[in-house]
Amino acid sequence: MMSTLARLLTCLRIGFFWLVAQVKLLGGYFSYGASFFRKESYVRERWEGHRPLADARRVVVFVHYDRQGVVHDFVRHYLRQLHDIGFAIVFVSNAPRLGQVEMLQEICALVIRRDNVGYDFGAYKEGIAAVPDPGALDMLLLANDSVYGPLYHLGGLLDRMGPEEADVWGASDSWERSFHLQSYFLLFHKTALAAPAFAAFWRQLRYVQSKTWIVRKYEIGLTRTLRRSGLNCRAAFPYRQAAAALIEAVVEGNVTGDALQDPVRKRFIQQVFHTINAGVPLNGTHFFWDYLIARMEFPFIKRDLLQKNPAHIPLLNYWERVVQTSTDYDTDLILRHLEMALKNRSV
């Protein structure tokens, strides 16, 4: 009787989440239809920076959002490192207002504030449109402030992303729904930038106010479109590599560390182990976050992991220890932001 009831509750739970997903997708279709009546641009303000954009060979379009328009310390750290390794920065903010503009002008080539229409992909589109000739660049990077870091120097990540191995790189990939590169860090080399498919994707992109639509049609769709055009797309830290390394560590019994000896953590690892073996894709930046940072020198930790923890990953409160023992990143940059962002929760 109890097992039958448990199965029924599981089916009801799956059905509920399926229904919610369908409602969100339906809302996405309505929003897509409405996008044909929206403006061509949502740029409100624009400031020229101190670094020229016209002669740049490396450009990054960096997307920012903060309700109060604050450029937090962790973002400034990220921008300074991008600047130091030779990127001309097109800073695009979706915030309702923007402070610290003079500071931004010192390290950026262009600062743009726009309405938050189309979310990150709308901002990416307008940032790319501000670049005089994307096809003439050696590389174009799309990045945003949805991550803390870089925990390790970005030079090491870029060394993994050579044009010989792939035309398009992501820091990480995902197999949820369909294989795709995750859009918080995307690098396009010259071959990709000159491809008609690249220009066509951004030209046809609409300002859709649906995160479900954007993930399914734009984040997943971008990788699919570029691969169909013959471009090679790879992740510097592929999901399969992290999953295989974790399985090997569990099988060989060499998963070490005090936190990993905790019974809660052990049960979690067992669940993840069985899920991976069943072929069910996971969000690697959440489920493998500590392994990626400590063992693979992954340079980011997702903000929503620390702020919301949607997958209920256990023992997140030891994130600071992992970062401090593995990197020289100043964890106070993260702590100061979390202290302002979190309510009724601690990490």
Quick check on my filter: what residues within segment 290-311 are over 16 Å from residue 236 (Cβ atoms) and within 18 Å of the chain's Cα centre (by Cα)? 290, 303, 304, 305, 306, 307, 308, 309, 310, 311
Please work out which one of (1) surrounded by fewer than 20 Cβ atoms within 10 Å (Cβ to Cβ); (2) of a type outside the set (Val, Ile, Thr); (3) under 20 Å from the mean Cα position of the chain (by Cα); (4) more than 23 Å from residue 178 (Cα to Cα) is the condition residue 314 fails and give its number. (3)
In segment 226-244, what residues are in a helix (DSSP H, G or I), open to solvent by 20 Å² or more (accessible area, probe 1.4 Å) and over 19 Å from residue 281 (Cβ atoms)? 228
Could you pull out every one of the strands (runs of 3 or more DSSP E) wholly within segment 49-116 that has 1 or more residues that are crowded, with 21+ Cβ neighbours inside 10 Å, of a type in the set (D, E, K, R) and under 23 Å from the mean Cα position of the chain (by Cα)? 110-114
So which residues in segment 334-344 are touching a residue at least 12 places away in the same chain (Cβ under 8 Å) and assigned to a loop (DSSP other than H, G, I, E, B)? 342
Could you please let me know if residue 331 is open to solvent by less than 50 Å² (accessible area, probe 1.4 Å), free of Cβ contacts under 8 Å to residues at least 12 places away in the same chain and within 19 Å of residue 244 (Cα to Cα)? no
Quick one: residue 99 ticks every box in (1) more than 26 Å from residue 330 (Cα to Cα); (2) modelled with pLDDT under 95 except a single one, so which number is it? (1)
Every pair of residues 6+ apart whose Cβ atoms lie under 6 Å, when the first sits in segment 299-324 and is closer than 19 Å to residue 152 by Cα while the second is surrounded by fewer than 20 Cβ atoms within 10 Å (Cβ to Cβ) and small (Gly, Ala, Ser): 303/146; 318/259; 322/294
Which of the residues spanning segment 282-310 are in a helix (DSSP H, G or I) and under 20 Å from residue 81 (Cα atoms)? 293, 303
Go over the candidates 325, 275 one by one and state the one that is surrounded by fewer than 14 Cβ atoms within 10 Å (Cβ to Cβ), of a type in the set (Val, Ile, Thr) and in a helix (DSSP H, G or I). 325
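The values are calculated or read from the model by the stated rules, or taken from the named source; none is laboratory data. Since this is a predicted model, take the numbers as computed values, not measurements. Note: ideal-geometry Cβ built from the backbone for every residue, glycine included; neighbour counts use all protein chains shown. These accessible areas exclude ligands, DNA and RNA; they are computed on the full protein's heavy atoms, side chains included. Shrake-Rupley method; radii C 1.70, N 1.55, O 1.52, S 1.80 Å.
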